[in-house]
Amino acid sequence: MEKEEKYKLLTEQIKALLEGETDWVGVMANVTAAIQETMGFLWTGFYRVAGRELLLGPFQGPVACMHIGYGRGVCGTAWQRQETVVVADVEQFPGHIACSSLSRSEIVVPVKSPEGSVVAVLDIDSRQVATFDDTDRRQLEAICALLGPLFGVNSPKNT
């Protein structure tokens with residue numbers, strides 16, 4: 001099955017998982033599991049905005065960094081820019097935070113509240129260089145757009 005078709009099926013699955021749900025932690029857990037199961041990446045997970053840092057949220061894969069500062073690494077940069085960051089080779093990204101030496105490429109997509117503020121980021125790592133392309137960016141941004149309204153309404157106040 002081609003990547004675009006996998007994402008279409010994944011998006012439909014996530015829409016079904018979201019229906020009637022209000023627990024954002026449970027949603028993050030199921031979304032990471034669905035992405036990981038469908039796409040088979042090295043690491044898939046969320047970091048939640050808490051004050052001036054990102055805190056580790058639900059994820060699938062090897063152990064991860066617990067805290068990431070604003071503007072630090074790929075996740076902190078995506079949060080600071082408020083836009084998706086795609087890194088073909090993490091070794092070429094200035095300030096990359098190596099939570100796992102197995103990670104070779106990465107995509108980070110902000111999750112925005114209805115008011116437009118970043119409340120979390122979806123972080124995905126791959127074992128291969130140049131895994132992520134425009135298809136991944138578009139599809140993952142669409143998935144995160146489904147999550148934003150839920151996170152904005154039900155997420156705890158940032159500390």
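Out of Gln60, Gln139, I need the residue that is within 15 Å of Ile35 (Cβ to Cβ), open to solvent by 40 Å² or more (accessible area, probe 1.4 Å) and at pLDDT 95 or above. Which one? Working first, answer last.
On the way: Gln139 fails: open to solvent by 40 Å² or more (accessible area, probe 1.4 Å).
None of the other options fit; the residue is Gln60.
The residue pairs whose first member lies in the range 52-77 and is more than 19 Å from Ser101 (Cβ to Cβ) and touching a residue at least 40 places away in the same chain (Cβ under 8 Å), whose second member is aliphatic (A, V, I, L, M) and assigned to a helix (DSSP H, G or I), and whose beta carbons are closer than 6 Å, counting only pairs six or more residues apart or on different chains, are Gly57/Met28. Conditions first: (1) in a loop (DSSP other than H, G, I, E, B); (2) within 11 Å of Trp43 (Cβ to Cβ); (3) touching an Asp or Glu at 6+ places or on another chain (Cβ under 8 Å). Ala130 passes all but one, so which condition is the exception? It fails just one condition, (2). Taking every residue in the range 80-104 that is touching a residue at least 12 places away in the same chain (Cβ under 8 Å) and under 12 Å from Phe132 (Cα atoms) and pairing it with any residue that is assigned to a helix (DSSP H, G or I) and open to solvent by 60 Å² or more (accessible area, probe 1.4 Å), at least 6 positions away or on another chain, the pairs with Cβ-Cβ distances below 7 Å are Thr84/Arg137; Thr84/Glu141; Val86/Arg137.
Give me a count of the residues in the range 1-38 that are of a type in the set (A, V, I, L, M, F, W, C), touching a residue at least 60 places away in the same chain (Cβ under 8 Å) and within 25 Å of Ile68 (Cα to Cα).
The first filter runs over the range 1-38 and keeps only residues of a type in the set (A, V, I, L, M, F, W, C), leaving 1, 9-10, 14, 16-18, 24-25, 27-29, 31, 33-35.
The next check asks that each one be touching a residue at least 60 places away in the same chain (Cβ under 8 Å); those that pass are 10, 14, 18, 24, 27-28, 31, 35.
Still in the running and within 25 Å of Ile68 (Cα to Cα): 24, 27-28, 31, 35.
Here the count works out to 5.
Specify the residue that is surrounded by the most Cβ atoms within 10 Å (Cβ to Cβ); the eligible residues are those in the range 83-124 that are within 13 Å of the chain's Cα centre (by Cα) and not in a strand (DSSP E or B).
Thr84
Note on the range 125-136: residues that are open to solvent by 50 Å² or more (accessible area, probe 1.4 Å) and on the phi < 0 side of the Ramachandran plot amount to 5. Only one entry in Gly45, Gly20 is within 21 Å of Leu147 (Cα to Cα), at pLDDT 95 or above and among the small types (Gly, Ala, Ser), namely Gly45. From the set of residues in the range 41-57 that are among the charged types (D, E, K, R) and in a strand (DSSP E or B), which is surrounded by the fewest Cβ atoms within 10 Å (Cβ to Cβ)? Checked the range 41-57; the qualifying residue surrounded by the fewest Cβ atoms within 10 Å (Cβ to Cβ) is Glu53.
The values are calculated or read from the model by the stated rules, or taken from the named source; none is laboratory data. Small disclaimer: the values here were computed from a predicted structure and weren't measured. Every residue, glycine as well, gets a Cβ built from its backbone with ideal geometry; the counts of neighbours run over all protein chains shown. Keep in mind that these areas ignore ligands, DNA and RNA; they rest on the heavy atoms of the full protein, side chains included. Shrake-Rupley method; radii C 1.70, N 1.55, O 1.52, S 1.80 Å.
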